1. Using the membrane-span-like helix rule (whole DSSP H runs, Cα extent along the own axis of at least 30 Å, mean Kyte-Doolittle hydropathy at least -0.5), which helices of the chain qualify?
2. How many percent of the accessible area of the chain is carbon or sulfur, using a 1.4 Å probe?
3. Out of all DSSP beta bridges with both ends in the chain, state the antiparallel percent to the nearest 5.
4. Hey, got the dipole for the chain? About the Cα centre, +1 on K and R Cβ, -1 on D and E Cβ, debye to the nearest 20?
5. Heavy atoms only, probe 1.4 angstrom, no DNA, RNA or ligands counted: give me HIS174, HIS307 ranked by accessible area, highest first.
6. With a 1.4 Å probe and all protein chains in place, put HIS80, HIS304 in order of accessible area, largest first.
7. Say R0 is 56 Å: what FRET efficiency, to the nearest 0.05, do GLU195 and PHE313 get from their beta-carbon distance?
8. Can you pull out the trypsin sites (Lys or Arg not before Pro) in segment 44-99 whose DSSP state is coil and whose Cβ has at most 15 other Cβ atoms within 10 Å?
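The values are calculated or read from the model by the stated rules, or taken from the named source; none is laboratory data. Note that the coordinates shown come from a computational prediction; the quantities given were computed from them, not determined experimentally. FYI the Cβ positions are ideal-geometry reconstructions off the backbone, even for glycines, and counts take in every protein chain you see. Side chains are part of the model used for accessible areas, which takes the heavy atoms of the whole protein and leaves out ligands, DNA and RNA. Shrake-Rupley method; radii C 1.70, N 1.55, O 1.52, S 1.80 Å.
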Amino acid sequence: MPKNSLSISVQLPAGSSLASKLNHELIEHLPVGVYLCDASGTVVAYNRKAAEIWGETPSVGDSQVKFCGAHKLLTLQGVHVPHEQTPLAEILVTRKAVTNFRTIVERRDGSRVPVLANIVPLFDDAGTMLGFMNSVQDLRHQIEQELAQQHLESALFQSQKMEVVGQITSGLAHDFNNQLASMSMALSLMEKEVETANSSRLSKYYALCKESVERATGLAENLLRFSRKRAKRLERVDPNQILLGMASLVRTAIGSKILLNLSLAPDARFLKANKQQLESAVLNLAINARDAMPDGGTLTISTHEAHLDRANFSHHNSNFKPGSYTVISVIDTGCGMAPEVLDKVFAPFFTTKEDGQGTGLGLSMVRGFVNEMNGQLTVESEPGQGSCFRLHFPCYGSEHSIAIDGVDQPR
Ligand SMILES: Nc1ncnc2c1ncn2[C@@H]1O[C@H](COP(=O)(O)OP(=O)(O)OP(=O)(O)O)[C@@H](O)[C@H]1O
Ligand SMILES: [Mg+2]
């Protein structure tokens, strides 16, 4: 029991008319804070839970904590309310009960406890007001539960919304694809005639048209890939072998201004994934890195093995299981991202690129793939400091990479 907490039977004056209104033992152990004030608003008795809410055990009769026993009271908006202006003080004038009054107790250490108060005036047999009794319900647990519930509801709403977006997208992309296929076919048939016409203007317009149709076809295919659920073949994958195999493709994609640095750990372990999706994820990240380094820089793609648990890996999502992970990192020295971009970076259709330059689907596809493989995708970035994307895949078996034994890493 807190040192000065009132065991009501001990600290109330013997024979007090207030004391006689309470069953002492019962009140002391209530899960609700209860305290009594006399007709001048001075706290004369309180139970254990009241002291816990206040974060201290004030001396009975202390005028500093008049009316409420707490160091400070705040409105729900966080504005300090002087004790004399609270409903607790008013009740002594109005003589009427105050019910379901929400307020915030600020403790001396600055921590806050939201509470629900019910205040009842107490009278003697002659109708003289003796003071009031306040029962204070600690709302911390309830508010935490409400927040968790809201979070769940909004996540559910978001996922339902995404499912609808996925369905619409897939339907639209499908129709577009059909139309584009007809246009493509018509263009191929036209090609010979354009050549025969030997008109440079016509050839230019034809080339423009063909390029646009190709770009639109690529976009529609991307959308279809994003919204479709296809059965994918999972296989045992040596991460180093995959990255070595992709090196020349990545080098072509990023161009000559950017240096590619492959840093492959010989102890990187095998993982289980769909090979094509893994390659496409790395390529997506490499192209994003290229776009973030228009004036050149270094793209580092590395592998390593890491043991992750909840203490050393705080970014995990809800599927996270502690254990050994193979980590593929894609690190650039580019423009980096501001916090507001970082917040939305995995959201489908989020892009900061100019119209026609990006669909904003790249990273959401990467994340979808990593999640499907029971992995974790993390990102760290600061404006001007480059970005680091890490794909963590659960290790598959105990075998280490064989790919870099006897194989020269590409320069
Ligand atoms: N390495 C990076 N450095 C800086 N910003 C990045 C990086 N990677 C992604 N971004 C930011 O995240 C946004 C979303 O990336 P995402 O790959 O999903 O779409 P996108 O690259 O814009 O379009 P798409 O991949 O469909 O061509 C980008 O527009 C960019 O603002
Ligand atoms: Mg992209």
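1. Details: long enough: 140-197 (80 Å, -0.34); 200-227 (41 Å, -0.30).
Helices passing the filter in the chain: 140-197, 200-227.
2. On the way: 12210 of 23090 Å².
Using a 1.4 Å probe with all protein chains present, the chain comes out at 53 percent carbon and sulfur.
3. Details: 59 of 66 bridges.
That works out to approximately 90 percent antiparallel.
4. Values: 39 positive and 43 negative charges, 114 e Å.
In debye, rounded to 20, the chain gives about 540.
5. On the way: HIS174 90, HIS307 110 Å².
Sorted descending by solvent-accessible area, the residues read HIS307, HIS174.
6. Heavy-atom accessible area, descending, gives HIS80, HIS304.
7. Details: r = 60 Å, r/R0 = 1.07.
That gives a FRET efficiency of 0.40.
8. Values: sites: ARG48, LYS49, LYS66, LYS72, ARG95, LYS96; in loops: LYS66, ARG95, LYS96.
Taking segment 44-99 and a limit of 15 other Cβ atoms within 10 Å, the loop trypsin sites (Lys or Arg not before Pro) found are ARG95, LYS96.
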